[in-house]
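**Q** Below is one structure. I have some questions about it.
The values are calculated or read from the model by the stated rules, or taken from the named source; none is laboratory data. Quick caveat, the model's predicted, so the values are computed rather than measured. Heads up, the Cβs are rebuilt from the backbone with ideal geometry, glycines too, and the neighbour counts pull from every protein chain shown.
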Amino acid sequence: MEPRLTGIRAVLFDLGDTLFRLHPMDFASAHRQFARLLSQRCGLDVHAAETATADVSVRLRETFRERQQSGSTAEPSIAESALPLLSRFGDDARWLANALDAAFGEADIARWDAPPGRPMEVRRFIDSGFRVAFVSNTQTPPVLMRRRLAEFGLLELAEVAVFSVEVGQRKPGERIYRAALEALDMPPESAVFVGDRVREDVLGPQSLGMRAVLTHEFRQEDLAKAQPAGVIQSLAALWEFL
């Protein structure tokens, strides 16, 4: 029997690979959709539109990689990052940046795979008196995130859903956790964070004074030197700590 966590009044959940599985993203589908829109909007032939799409995609990946390597937790939207890369299209650049943002967002939420009965499992925490929040790193437009969560029957279960692209900062940056805690009016020591990543879902929350539980239900990350309150193989196993 694992030692129980005392004084917990709120459970903050990560989303992808915590409450549902993330399958590989279909980037090719997003590229095709954007190339088609680019061709229609700007009158490019198919080959030119596909070439321009590939160029923007490569440069976006380079931008994201450089930001990650620098250690920055800043989280601009894909539209913000893509806008300067699309400047050659003049007045259409903003529209195209938003279209690219939506195309990647749709590809992202299409890969979510929630296990049967997951809403009932989350509702059990609420019925037992715990406050529930979702805290997720994502560049997908929040309107798409909330739409998909609603389709899964999860959105209505969270008092607050905090997305990094809205806050402008990714986990393990402090601001995104504080946004959720402040929305719940909850001190860190009264909350437990549940997620699948050591840096973002264990070390980050612990740095603020939250307890943290690592889930291995969908992906297994090595603990290294991290010391979560526990490691679980299923959401139901979280009750061993509460």
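**Q** List the number of the failed condition for LEU144; all other conditions in (1) touching a residue at least 12 places away in the same chain (Cβ under 8 Å); (2) within 21 Å of ALA30 (Cβ to Cβ); (3) not assigned by TED's automatic domain parsing to the domain that holds LEU184 hold.
**A** Just one mismatch for LEU144, condition (3).
**Q** Among ALA48, ALA10, ALA54, which is surrounded by fewer than 17 Cβ atoms within 10 Å (Cβ to Cβ) and under 26 Å from the mean Cα position of the chain (by Cα)?
**A** Details: ALA48 fails: under 26 Å from the mean Cα position of the chain (by Cα); ALA10 fails: surrounded by fewer than 17 Cβ atoms within 10 Å (Cβ to Cβ).
Only one candidate qualifies: ALA54.
**Q** Still on this structure, please answer the following. Suppose we filter ALA150, ALA237, ALA183 for residues that are in a helix (DSSP H, G or I), surrounded by fewer than 21 Cβ atoms within 10 Å (Cβ to Cβ), touching a strand residue (DSSP E or B) at 6+ places or on another chain (Cβ under 6 Å) and not basic (Lys, Arg); which single one remains?
**A** Details: ALA150 fails: touching a strand residue (DSSP E or B) at 6+ places or on another chain (Cβ under 6 Å); ALA237 fails: touching a strand residue (DSSP E or B) at 6+ places or on another chain (Cβ under 6 Å).
From the options ALA150, ALA237, ALA183, the qualifying one is ALA183.
**Q** Residues in segment 96-118 that are surrounded by fewer than 16 Cβ atoms within 10 Å (Cβ to Cβ) and either part of a helix (DSSP H, G or I) or of a type in the set (Phe, Trp, Tyr) (or both): how many? Walk me through how you get there before you give the answer.
**A** The first filter runs over segment 96-118 and keeps only residues surrounded by fewer than 16 Cβ atoms within 10 Å (Cβ to Cβ), leaving 110-111, 113, 115-117.
Subsequent filtering for residues that are either part of a helix (DSSP H, G or I) or of a type in the set (Phe, Trp, Tyr) (or both) retains 110.
Total meeting the criteria: 1.
**Q** How many residues does segment 186-215 contain that are out of contact with any helix residue (DSSP H, G or I) (no Cβ under 7 Å at 6 or more places or on another chain), crowded, with 24+ Cβ neighbours inside 10 Å and within 18 Å of ARG4 (Cβ to Cβ)?
**A** Residues in segment 186-215 being out of contact with any helix residue (DSSP H, G or I) (no Cβ under 7 Å at 6 or more places or on another chain), crowded, with 24+ Cβ neighbours inside 10 Å and within 18 Å of ARG4 (Cβ to Cβ): 2 in total.
**Q** Name the residue, out of ARG36, ARG67, ARG32, that is touching a strand residue (DSSP E or B) at 6+ places or on another chain (Cβ under 9 Å), more than 27 Å from HIS216 (Cα to Cα) and outside any strand (DSSP E or B). It would help to see each step written out before you state the result.
**A** Details: ARG36 fails: touching a strand residue (DSSP E or B) at 6+ places or on another chain (Cβ under 9 Å); ARG32 fails: touching a strand residue (DSSP E or B) at 6+ places or on another chain (Cβ under 9 Å).
The unique qualifying residue is ARG67.
**Q** Still on this structure, I have one more. Would you check which residues across segment 12-27 are under 22 Å from TYR177 (Cα atoms) and assigned to a loop (DSSP other than H, G, I, E, B) and list them?
**A** Residues satisfying the conditions are ASP14, LEU15, ASP17, THR18, LEU19.
**Q** Would you say VAL122 is touching a helix residue (DSSP H, G or I) at 6+ places or on another chain (Cβ under 7 Å) and either assigned to a strand (DSSP E or B) or at positive phi (or both)?
**A** Numbers: touching a helix residue (DSSP H, G or I) at 6+ places or on another chain (Cβ under 7 Å): yes; either assigned to a strand (DSSP E or B) or at positive phi (or both): no.
So VAL122 fails the test.
**Q** VAL132 fails exactly one of the following numbered conditions: (1) in a helix (DSSP H, G or I); (2) closer than 24 Å to GLY204 by Cα; (3) at pLDDT 95 or above. What is the number of that condition?
**A** (1)
**Q** Continuing with the same structure: Against the definition (over 14 Å from the mean Cα position of the chain (by Cα), in a helix (DSSP H, G or I), polar (S, T, N, Q) and assigned by TED's automatic domain parsing to the domain that holds ASP17), how does GLN206 come out, yes or no?
**A** Details: over 14 Å from the mean Cα position of the chain (by Cα): yes; in a helix (DSSP H, G or I): yes; polar (S, T, N, Q): yes; assigned by TED's automatic domain parsing to the domain that holds ASP17: yes.
Against the criterion (over 14 Å from the mean Cα position of the chain (by Cα), in a helix (DSSP H, G or I), polar (S, T, N, Q) and assigned by TED's automatic domain parsing to the domain that holds ASP17), GLN206 qualifies.
**Q** While we're here: Among the listed residues GLU2, GLU106, identify the single one that is at pLDDT 95 or above and of a type in the set (Asp, Glu).
**A** Being at pLDDT 95 or above and of a type in the set (Asp, Glu) holds for just one of GLU2, GLU106, which is GLU106.
**Q** How many residues does segment 153-166 hold that are farther than 20 Å from ALA30 by Cβ and either modelled with pLDDT under 95 or surrounded by 19 or more Cβ atoms within 10 Å (Cβ to Cβ) (or both)?
**A** Of segment 153-166, the ones farther than 20 Å from ALA30 by Cβ are 153-162, 166.
Among the residues that remain, those that are also either modelled with pLDDT under 95 or surrounded by 19 or more Cβ atoms within 10 Å (Cβ to Cβ) (or both) are: 154, 157-158, 161-162.
Residues meeting the conditions: 5.
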